[in-house]
Amino acid sequence: MTPKEKLGLSLQRKPFKGRVPHFELDFFLTMEAFGEVHPRHRSFSQWNQMKPNERELHRINIAELVIKVAEKYGHSAIRVPVITSMWDVEENVRMIDLVRKLSNDKYALFCAQYDGTFAIPDGNSMMEVSMKLADAPEEIKEHHQKVIDRCIDTVAKITKQAKIDVLFLTCDYCFNNGPFLSPDQFAEFVFPQLKYELDAFRSLGCFTIKHTDGNIMPIVDQLVNAGPDALHSLDPQGGVDIAVIKQKYGDRVALMGNVNCGYMDTGTDEQVIESARYALKNGMGKSGYIFSTSNCVYTGMELRKYELILDVWEKEGNY
């Protein structure tokens, strides 16, 4: 089986023989690993001035780089790089087709930006949004519904021309001490629209993975009931115990993540290894687990620490 096929089985919680699927929401350490600037660290301010052949050279270079990451680190899926805009259907179709062609359709391809649900506001708007939740709740709902509908419409246009295997929904709902919204508020402002969004993406033939950092425990029932194929990041820094989640929800949703990024920043090698081992031991079960960090391989993380958890995965992550 290809890495993509094994990932598909894991997302459906179906057993198979072989290594647990693994990939990351993103891998930013391409300069250290390959001597090349990560696509999201590049500026394409002069894209519109480029001749068609120069644009194509950039596309090929970027596609080859993300494939290198998958090949070197055993990833099952590749995040489709966005050059111009998430809303640029034509350009995104080009990149999906190019990565799929150059990788011989070996890996699942995923997009990680189409999520219009209510997320934690940034610091500049948190007070204003909090007031609107009380004073103008319907305005909040209408705004997010418009964004969600635009996301669904854009994905529908892309999938008419190119195959997206997985959609990674990335709106964050929680801090380490709990969700921004109370469970009752979440039920009003997020759950209906999240379920609507997930149902629409499933109808377009895409697997879905719902990401949120932090302590999801007060709202985890709602997250599972919304119907994603998998939950990510199962954040141990937010007190999320993958063993508890697996026992309670493992027959309803696949799990991804839980390797402690805090340890990968400031912990000892022993802490990193033990976190990877714990995630595998308690996440794998008979199927339905995807090995990854509890966020992504972000700028500033030690590449050596990431390679350390891969050693554990190669030795202990096998069915």
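The values are calculated or read from the model by the stated rules, or taken from the named source; none is laboratory data. In this text, all values refer to a predicted model and were calculated from it rather than measured experimentally. Virtual Cβ from ideal backbone geometry, glycine too; neighbours counted across all protein chains shown. Surface accessibility is based on the protein's heavy atoms, side chains included, excluding ligands, DNA and RNA. Shrake-Rupley method; radii C 1.70, N 1.55, O 1.52, S 1.80 Å.
If only the Cβ of Lys and Arg carry +1 and only the Cβ of Asp and Glu carry -1, the dipole of region 33-112 around its Cα centre is close to 160 debye.
Debye-formula intensities of region 1-72, expressed as log10 I(q)/I(0) at q = 0.12, 0.21, 0.23 Å⁻¹, are -0.49, -0.94, -1.02 (one equal scatterer per alpha-carbon, no solvent). Protection proxy ranking for 185-191, 15-21, using the average of other Cβ atoms within 10 Å per residue and placing the highest first: 185-191, 15-21. Rounded to the nearest 20 debye, the dipole size of region 252-309 about its Cα centre is 380 debye, using +1 on the Cβ of Lys and Arg and -1 on the Cβ of Asp and Glu. With the convex hull constructed from alpha-carbon coordinates only, region 137-262 shows a mean projected area of 7.8 nm² over all directions. Keeping every protein chain present and rolling a 1.4 Å probe, give me the accessible area per residue for region 212-319 in Å². Each residue of region 212-319 exposes 37 Å² on average to a 1.4 Å probe. Between L102 and K17, how high is the FRET efficiency from 1/(1 + (r/R0)^6) when r is the Cβ-Cβ distance and R₀ = 22 Å? Nearest 0.05. For R0 = 22 Å, the calculated efficiency reads 0.20.
Protein heavy-atom surface of the chain, 1.4 angstrom probe: 50% of the accessible area is carbon and sulfur, with nucleic acids and ligands not counted. Please give the FRET efficiency for V129 paired with R150, using the beta carbon to beta carbon distance and R0 = 25 Å, rounded to the nearest 0.05. Step by step, r from the Cβ atoms, then E = 0.80. Here the gap between I60 and E270, fully extended at 0.36 nm per residue and compared with their Cα-Cα distance, gives a gain of 71.7 nm. With a simple spin-label model that places each label point 7 Å from the Cα along the Cα-to-Cβ direction, the separation between Q49 and L308 comes to 4.5 nm. Rounded to the nearest 20 debye, the dipole magnitude of region 1-58 is 440 debye, with +1 charges on Lys and Arg beta carbons, -1 on Asp and Glu beta carbons, and the Cα centre as origin. When peptides 71-83, 28-40 are ranked by their average number of other Cβ atoms within 10 Å per residue, the highest-first order is 71-83, 28-40.
Computed on region 64-155, the Cα convex hull volume stands at 123 Å³ per residue. The ratio of the alpha-carbon radius of gyration of the chain to the globular-protein estimate 2.2 N^0.38 Å is 0.98. Per residue, the average separation of C-alpha pairs within less than 8 Å and at least 6 apart gives the chain a relative contact order of 22 percent. Taking every protein chain into account, the accessible area of region 103-146 amounts to 54 square angstrom per residue (probe 1.4 Å). Structure note, pairs K141/K281; K6/K51; K157/K305; K101/K195; K146/K281; K6/K68: Cα-Cα distances above 30 angstrom occur for K141/K281; K6/K51; K157/K305; K101/K195; K146/K281.
Label region 205-294 by shape, choosing from rounded, prolate and oblate, from the square roots a ≥ b ≥ c of the eigenvalues of the Cα gyration tensor; if a/c is under 1.5 it is rounded, and otherwise prolate applies when a/b is larger than b/c, oblate when it is not. Here region 205-294 falls in the prolate category.
Kirkwood-based Rg over Rh for region 1-142 (C-alpha set), two decimals? That ratio equals 1.07.
Of the peptides 304-311, 285-292, the order by per-residue mean of other Cβ atoms within 10 Å, starting with the highest, comes out as 285-292, 304-311.
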